[in-house]
Amino acid sequence: MRKETIVENLNAVGERIVTCCNNCDRDPAEITLLAVSKTRPAEDLRIAYAAGQRHFGENYLQEALEKQNALQDLDIHWHFIGPLQSNKSRAVAEHFDWMHTVDRLKIAQRLSSQRPTNLAPLNICLQVNIDNEQSKSGIAPQDLEALAREVVQLPGLRLRGLMAIPAARQTVQAQHQPFLEMARLLHSLQELFPNEELDTLSMGMSADMEAAIACGATIVRIGTDIFGARNYSE
Ligand SMILES: *Cc1c(COP(=O)(O)O)cnc(C)c1O
């Protein structure tokens, strides 16, 4: 994509975050913009980086590793946000700072034991299937507490919070409901585990970012509104 377009888009998303925070009385410094760069070439990430973007989210492991290799000279915080097969956990443990889609103990245990000891513990979010959709990954809300109890004991991981991809809704008002439910779930975990650094709600994409921020998102994951529509056939 054109350099100017990526930079303009990034600025526009940044302004939307500020406006939204003003409207809901939040501090924009509480929100981390995660640029979702799946299917984008490394040079698009380099353009965004030059404009100040530091956090990038990738969904496909092989593609992510290739970009990390091409961008070794940059100080990027890498977030893995896609579904992960347990036999591929090692590369995530070794090459990422954050993993947003942990939804079962087996993956958590593998990531913990595979995390290199010379790195800080891997920051993780538990993915919640907040709308109870058959097609989506994520743990059911009623099973969250039991999973969290196990995960907080794993030495290679730092449980930071929750992530969700709600079903699409027609209005901003309707978008609030699943996000408010996520905020409630995080709050109950904070009460159960007061000594954990449970400060993260990874929620909000291009189509529902404002609703997510209004409901407490701390990481918004934005792809299309920064890099344009994805073309999977390329
Ligand atoms: C692709 C993707 C995004 C970005 O979605 P956009 O609608 O392009 O902003 C966010 N989160 C996850 C988990 C994704 O897979």
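Here, each number is a calculation from the coordinates, and none is a lab measurement. Here the structure is a predicted model, which is why all the values come from computation and not from measurement. Neighbour counts are summed over all protein chains in view; Cβ atoms, including those assigned to glycine, are modelled from backbone coordinates with ideal geometry.
Observations, loosely collected:
- Taking Cα centre as origin and charging only the Cβ of basic (Lys, Arg, +1) and acidic (Asp, Glu, -1) residues, the dipole magnitude of the stretch 103-188 rounds to 320 debye.
- Using C-alpha pairs below 8 Å separated by at least 6 residues, the relative contact order for the chain is 20 percent.
- Residue exposure sequence - 67, 136, 106 - by fewest surrounding Cβ within 10 Å: 106, 136, 67
- Alpha-carbon Debye profile of the stretch 67-204, log10 I(q)/I(0) at 0.17, 0.19 Å⁻¹: -0.91, -1.10
- Share antiparallel - DSSP beta bridges, the chain, percent rounded to 5: 0
- Directionally averaged shadow of the stretch 131-234, computed from the convex hull of its alpha-carbon atoms, nm²: 8.3
- Just so you know, the Rg over Rh for the chain is 0.94, from Cα atoms, with Rh as the Kirkwood radius.
- For the stretch 195-200, backbone phi angles converted through the Karplus equation (6.51, -1.76, 1.60; θ = phi - 60°) give residue-by-residue couplings of 8, 8, 8, 8, 10, 10 Hz, Gly and Pro being listed as x.
- Take each peptide in 32-40, 112-120, 45-53, count the other Cβ atoms within 10 Å of every residue, and average; sorted highest first, the result is 32-40, 45-53, 112-120.
- Screening the chain for whole DSSP H helices of 20 Å or more along their axis (Cα) with average Kyte-Doolittle hydropathy at least -0.5 returns 3-24, 172-192.
- 75, 225 arranged by Cβ crowding within 10 Å, fewest neighbours leading: 75, 225
- Which of 203, 163 has the fewest Cβ neighbours within 10 Å, and the rest in rising order: 163, 203
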